[in-house]
Structure formats: C-alpha cells, structure tokens
Amino acid sequence: MTGFNTRLIQSVQLRQEMKINPRLYQAMELLYMPLLDLQQHLKQELEENPFLELTEVDVQEEVQLEEEGKDDPVEEIDWEEILLDGFDAGGRSQQYEQKEYFQPTATEAPGLQDYLMEQLHFQEVNERQIRLGEEFIGNVNDDGSLSCTLEDVLLGVNDWLDEVREVARERMMAREEEDGESSPAELDKTLAEVEEILRPYEMWEAEEMLARIQGFDPPGVAARDLRESILIQLRRKGLGDSLSAALVTEHFTDLINHRWADIARTRGVTALEVQDAADEIAKLDPKPGLRYSADPERYVIPDLIVEKIDGEYLVFANDNNLPRLRLSRAYREVARDKNKFKGENKDFISSRLNSANWMIQAIEQRRQTMLKVMGFIVDRQRAFFERGVQHLRPLTLREVAEHIEMHESTVSRVTNEKFVQTPRGVFPLKYFFSSGLSTTSGEDISARGVKAKIQSLVDDENLKRPLTDQAIVSLLKTDGVNIARRTVAKYRDQLGILPARMRKRV
C-alpha cells in the first residue's frame with residue numbers, strides 16, 4: 001500500500017483575488033444602520049476622532065453656554081502641543097478626556113412567570129407548597145399553557161427534594177460528630193423530622209396546587225390544553241353550566257369546524273342558539289399569557305419623510321437630529337504643516353484626517369442614496385399615495401437598483417430596517433416591495449394590493465351567504481385582476497380569513 005507523500009513543495013502561482021477595503025465594510029454598515037443607530041455611531045465618532053467637529057448649526061447651544069461663562073478665566077490652548085503629546089491636554093484633561101459611551105438599551109418588563117410568582121407568594125401557603133408552586137410556574141409557557149404533565153412536575157420537584165434531603169442528612173451527621181453531645185436516639189429523631197418535612201410530593205398535592213394556580217390572573221393560565229383553558233375562563237365568568245361550556249366539553253371538534261346544525265340537532269336546540277354560544281367562546285383568549293409576554297416596546301423614528309407640496313410628492317431626509325460633522329479647523333491648520341510631524345505622529349494624524357474626510361463623505365453618500373431610492377419608490381407608487389393600498393404596484397429591488405445604477409445588495413441595505421413617514425402613515429421601506437399580478441388593462445398590481453382587495457370584499461360580504469374562493473376570483477376579474485382560485489385561497493390563509501363555510505352565519 002502506497003503511503004502519503006509528506007514532503008514540503010514550493011510553487012509559484014498566479015491568481016486573482018478581490019479583497020474588500022475595510023472602509024467599504026464601514027460604508028455598508030452605515031447604509032444598514034437605522035436612524036437611531038447612526039445617531040449613536042456618529043456621536044461616538046465625534047468623541048474618538050479629533051479631526052471631526054460639529055458644524056455651526058449644531059454648536060449654537062454650546063456657544064450660548066460659553067457666553068454665559070465668559071467671566072471665567074479662559075486658558076489658551078496649544079493645539080500643536082496637544083497633537084504632538086498624544087492629545088494630552090495637561091491640567092485641563094478633564095475637559096478634553098474621552099468619555100466612555102453607553103448605548104441606551106430597553107429594559108425588560110416583568111414577564112408572565114414573574115407575575116405568577118408574585119401572586120403565589122401572596123397566597124396563604126407554606127414553604128413546601130411554595131416550592132411545588134414554583135415548579136409548576138417554571139413549566140408555564142409564554143402563551144400561558146402548562147408545558148408538561150403532572151407526573152413530570154412531580155418527578156422534577158421530587159428529584160430536587162432527594163438532593164436536598166441527602167445534603168441535609170450529611171450536614172446533620174457531620175455536625176453531630178463534631179459536637180458529640182446528642183445520643184443516637186436524638187439523631188434518629190431529628191433525621192425523622194427532616195424526612196417528614198422533605199417527604200416526596202404526592203399526586204393529590206400536585207392537583208391541588210395546579211387548581212390554585214389556575215385560579216390566578218390571567219384567566220385560563222396553566223391550562224394543559226386549549227379546551228381546559230376555555231373552560232377555566234367560562235367558569236370565571238360564571239358560565240360553567242352554560243351551553244358554551246357544554247359545546248367545549250362535548251362537541252369540541254364540531255365547534256372548531258363551525259358545524260352549528262349538527263350540534264343543534266344533537267342537543268335539541270336551534271342553530272342560532274349554538275351560534276350565540278360559540279360567539280361567547282370567541283370572546284375568550286386562547287393564549288392568555290401573551291399579554292404579559294410581549295416584546296419590549298420599539299420606538300420608530302422615520303429615516304425619510306414624504307410630503308405633498310403643491311400637488312407634488314417630495315422626499316426629505318429626516319436627519320435633523322443627526323450630528324452635522326465637518327473637519328476641525330484648529331486641528332486641520334496644525335496638521336497642514338507636515339514638516340513638523342514625523343514618524344508615528346505623522347502616520348497617526350494622516351490616518352485620522354483621512355478617516356474624518358471619509359466619514360463625512362460616507363454620511364452624505366448614504367443620505368443621497370436613500371433619497372434616490374425613496375424618490376423612485378414615490379414615482380412608482382404614486383397611485384398608492386393618492387388612492388391607497390389597493391393601488392400598490394409591484395416593485396422589486398432589482399428595478400430600483402437598475403434605476404439608480406447601484407447594486408441590488410446596496411438597495412437591500414438601504415431599505416432594511418428603514419421607515420418613511422407619508423401622508424398615509426409610517427411604513428417600512430420594505431412595505432413597497434412585492435410581487436405582482438397582471439390585469440386586463442395591461443397594468444400590474446402588487447400582491448399586497450390584491451390582498452387588500454380580498455380583505456375588502458370579505459369585510460363587505462353578506463354573512464348569511466359568504467363569498468367562496470371562486471366567487472372572489474370572479475369579482476376580482478370584474479376589476480381586471482387575473483388570479484387563480486388557489487392563489488386566492490393562499491392569500492386568504494395569509495390574511496387569517498376562514499373558508500366560506502366557516503364564516504357563514506345563521
């Protein structure tokens with residue numbers, strides 16, 4: 001068998017490689033940043049690069065503050081000395097030192113489990129019951145349902161008790177050996193008391209604690225399935241013996257399939273009574289825990305503003321709160337005489353100056369790119385701004401990229417996590433992009449516009465004779481929209497609209 005050749009071999013090769021400049025990475029990051037992130041980034045750049053400063057517009061407040069303090073003695077600053085000494089301002093270092101910046105973060109609000117724990121500790125329960133209750137609450141999902149069986153809860157809490165019991169036994173025996181005062185009989189008695197306190201939980205205790213927790217707020221919490229959650233909520237409303245409760249207990253499958261006539265025949269009531277009982281159930285919350293498990297509030301500041309002025313839609317950059325940057329005159333004048341700087345100082349000053357120049361250019365390029373993209377969107381979607389979402393036209397990233405003569409990935413970064421304020425509300429830029437369908441007039445309509453038409457048709461339908469998917473297809477064709485029935489069914493599902501037979505009212 002031939003072995004592997006492990007010799008070292010040198011060879012000469014020619015090949016092409018494309019390496020992205022680090023500044024290009026930074027430029028892409030700037031395009032990707034939403035307005036708030038960019039604002040924090042520029043503030044940090046101001047602190048780190050001495051060649052950047054605010055423009056006159058942004059320093060007006062600082063000038064006013066300086067005028068108020070004119071009586072204070074002002075020390076002349078030697079900018080050249082600061083540059084050469086590594087930006088150490090000597091005795092006035094506190095004024096010029098670089099301050100660490102901490103980005104503000106959203107605080108997490110108390111969740112569902114915190115709320116349940118708080119209610120548990122307000123109950124009249126002992127430490128043993130609290131430990132069992134904590135085991136239950138720890139197994140409650142964010143939607144409020146219990147994620148495991150009673151057997152699993154008992155197994156988990158009893159395993160913990162076994163560990164605690166063993167540790168307690170070892171510590172007591174070690175203490176008795178050190179003291180040597182207690183007799184074997186007294187030690188056995190003490191161990192028996194510990195065993196009684198830490199005895200394994202039984203099923204009746206788990207059932208009792210589960211019933212207690214299911215009485216907590218929000219109603220329906222800690223239920224093992226949807227049916228139990230609905231029944232808990234009905235009992236809390238005093239409807240435990242109502243027809244609604246009977247539907248959930250005995251006719252749950254027919255209930256979720258809206259078979260009112262079948263249920264009515266079985267129970268000897270009218271279909272209208274069944275429907276009214278089902279309407280009562282529909283008012284309940286199938287996932288009661290979600291109201292306490294919501295994501296932190298997210299504040300949106302639009303990056304762009306679209307306004308209608310003299311009949312024309314104009315696009316503006318909403319960058320009034322962004323720091324206006326320019327090259328620092330003082331540092332620039334000192335750095336102009338390059339004969340004074342040699343070695344590391346020269347390299348440092350040159351790199352900082354170039355970085356400052358590039359940052360100013362990159363911010364302006366970002367601004368112009370966003371205006372170009374939004375300007376094309378406004379021109380393409382003028383019908384939307386005039387008449388609403390049903391007139392939204394199909395649009396792709398490639399179309400925008402070709403129009404502004406940039407790469408498609410650049411347009412994707414520009415539109416990502418960006419928002420625009422328009423006369424019709426605040427929208428993410430991605431809202432204006434969607435696939436399209438053809439119309440008999442030769443113009444295209446976006447998929448989002450078709451969905452809006454479907455939603456409008458269903459909202460205005462006769463509930464006693466709801467529109468089938470085929471009927472919706474026919475109505476859309478009268479509006480000039482060519483669409484297949486299966487596409488209507490797909491869009492209807494995406495909108496959360498039930499089939500016609502389940503929307504029917506008696």
For region 380-394, just list the computed ³J(HN,Hα) in residue order, Karplus coefficients 6.51, -1.76 and 1.60, θ = phi - 60°, integers in Hz, with x standing in for Gly and Pro.
6, 9, 4, 4, 5, 5, 8, 10, x, 5, 5, 10, 5, 8, x
Starting from the Cα-Cα distance between Gln39 and Glu118, subtract it from 0.36 nm times their residue separation and give me the gain in nm to one decimal.
24.5 nm
Do me a favour and compute the ellipsoid semi-axes for region 364-503 from its Cα gyration tensor, root of five times each eigenvalue, largest one first, whole Å.
33, 15, 13
In sequence order, what are the phi-derived ³J(HN,Hα) couplings for region 469-476 according to the Karplus relation 6.51 cos²θ - 1.76 cosθ + 1.60 with θ = phi - 60°, rounded to whole Hz, with x for glycine and proline?
4, 5, 5, 5, 4, 5, 5, 5
Quick check: the distance between the Cα centres of region 357-433 and region 201-279, to the nearest angstrom?
50 Å
For Ala223, list long-range residues whose amide hydrogen, built 1.01 Å from N in the peptide plane, is under 5 Å from its own amide hydrogen.
Leu146
Note on region 350-463: contact order normalised by length, alpha-carbon pairs under 8 Å, 6 or more apart, percent, works out to 24 percent
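Read-outs: derived from the displayed coordinates by stated rules, not from any lab. Owing to the predicted nature of the structure, the values given are computational and were not obtained by experimental measurement.
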